[in-house]
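Everything below concerns the one structure shown next.
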Amino acid sequence: NADLEPRPELTTPPPPEGRTPRERMIELADGYFSTLERNDGTIHTDFDPLCDRRENGAYTTNSNNEHLGWIATLGCEEQFRLGWYRFDDELRARRYPLVDEERGLVLSGAMIDHAGLHKTVTLTDGRVVTPVFRRPHSFNLMEIFKINAGRIEAIEAVFHTVPYRMPSPWDVTG
């Protein structure tokens, strides 16, 4: 989308006291993926309370995204605590090719599989909802995480739909 403006929270480096060591930055990004995989409400990373996520140019948190409905009005951690992403079956071929401590950025890639078997899911608050994905497919994704003071502050994601369980071209584990 040519109308998208750069996000200041991604382009502004954290202050020196807000920098996080490389290994911890990777742990935070990987913890995000572990939280996303089979999301049961357990948080495996640390979020800034104002964390915002944009996927393929659309805000999916703290927004009035009509396509997603009420869930888009919540923040990153709130969505995960509800178990909203329970329909994500596996997050595989995780990689972290670029980490910039000075800018607080982690570029990551992975594959997310959706078997499409869930007719409904029960959120951690007891609500029963219909999953967004109801057919088998996978996403090949790239995400940038902005880390400030040891917490995920912003996420920018790009997803591309591929056949279900397609092998990752970057997975060297075979």
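Observations
- When the range 77-101 is filtered for residues that are within 17 Å of Glu27 (Cα to Cα) and touching a residue at least 12 places away in the same chain (Cβ under 8 Å), the ones remaining, listed by number, are Glu77, Leu91, Arg92, Ala93, Arg94, Arg95, Tyr96, Pro97, Val99, Glu101.
- Residue match in the range 78-86 (condition: touching a Ser or Thr at 6+ places or on another chain (Cβ under 7 Å), among the charged types (D, E, K, R), surrounded by 16 or more Cβ atoms within 10 Å (Cβ to Cβ) and within 21 Å of Met142 (Cβ to Cβ)): no
Rundown of residues vs (1) at pLDDT 95 or above; (2) over 17 Å from the mean Cα position of the chain (by Cα), yes/no style:
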{"site": "Thr20", "(1), (2)": "yes, yes"}
{"site": "Phe33", "(1), (2)": "yes, no"}
{"site": "Asp46", "(1), (2)": "yes, no"}
{"site": "Ala58", "(1), (2)": "no, no"}
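- Members of the range 1-31 found to be among the hydrophobic types (A, V, I, L, M, F, W, C), closer than 16 Å to Thr45 by Cα and either open to solvent by 90 Å² or more (accessible area, probe 1.4 Å) or out of contact with any Gly (no Cβ under 9 Å at 6 or more places or on another chain) (or both), listed by number: Ile26, Ala29
- Residue ranges of strands (runs of 3 or more DSSP E) in the range 89-174 with at least 1 members among the polar types (S, T, N, Q): 105-114, 137-148, 151-162
To keep it simple, each residue is scored yes or no on (1) crowded, with 16+ Cβ neighbours inside 10 Å; (2) more than 18 Å from Leu68 (Cβ to Cβ).
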site	(1), (2)
Ala110	yes, yes
Val128	no, no
Leu141	yes, no
Phe145	yes, yes
Asn148	yes, yes
Ile152	yes, yes
Glu156	yes, no
Phe159	no, no
Met166	no, yes
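- Positions within the range 126-170 being touching a Lys or Arg at 6+ places or on another chain (Cβ under 7 Å) and among the acidic types (Asp, Glu), in sequence order: Glu153, Glu156
- Checked against (1) modelled with pLDDT of 95 or more; (2) touching a Lys or Arg at 6+ places or on another chain (Cβ under 7 Å); (3) charged (D, E, K, R), Arg38 passes all but a single condition, namely (1).
- Candidate set: the range 26-60, residues that are in contact with an Asp or Glu (Cβ under 7 Å, 6 or more places away or on another chain) and part of a helix (DSSP H, G or I); chosen: the one farthest from Ile144 (Cα to Cα): Leu36
- Checking Asn64 against (1) modelled with pLDDT under 95; (2) part of a loop (DSSP other than H, G, I, E, B); (3) within 16 Å of the chain's Cα centre (by Cα), the condition it does not meet: (3)
- Considering the range 32-77, the residues that are of a type in the set (Gly, Ala, Ser) and more than 18 Å from Leu141 (Cα to Cα) include one that is surrounded by the fewest Cβ atoms within 10 Å (Cβ to Cβ), namely Gly69.
- When we screen Ile152, Ile147 for residues that are touching a Cys at 6+ places or on another chain (Cβ under 8 Å) and at pLDDT 95 or above, the only hit is Ile152.
- Residue ID - farthest from Tyr164 (Cα to Cα), chosen from residues in the range 73-89 that are at pLDDT below 95 and not aromatic (Phe, Trp, Tyr): Arg86
The values are calculated or read from the model by the stated rules, or taken from the named source; none is laboratory data. Model, not experiment: these values are computed from the prediction. Reconstructed Cβ throughout: ideal geometry from the backbone, glycine too, with neighbour counts over all protein chains shown. SASA here: full protein model, heavy atoms, side chains in, ligands and nucleic acids out. Shrake-Rupley method; radii C 1.70, N 1.55, O 1.52, S 1.80 Å.
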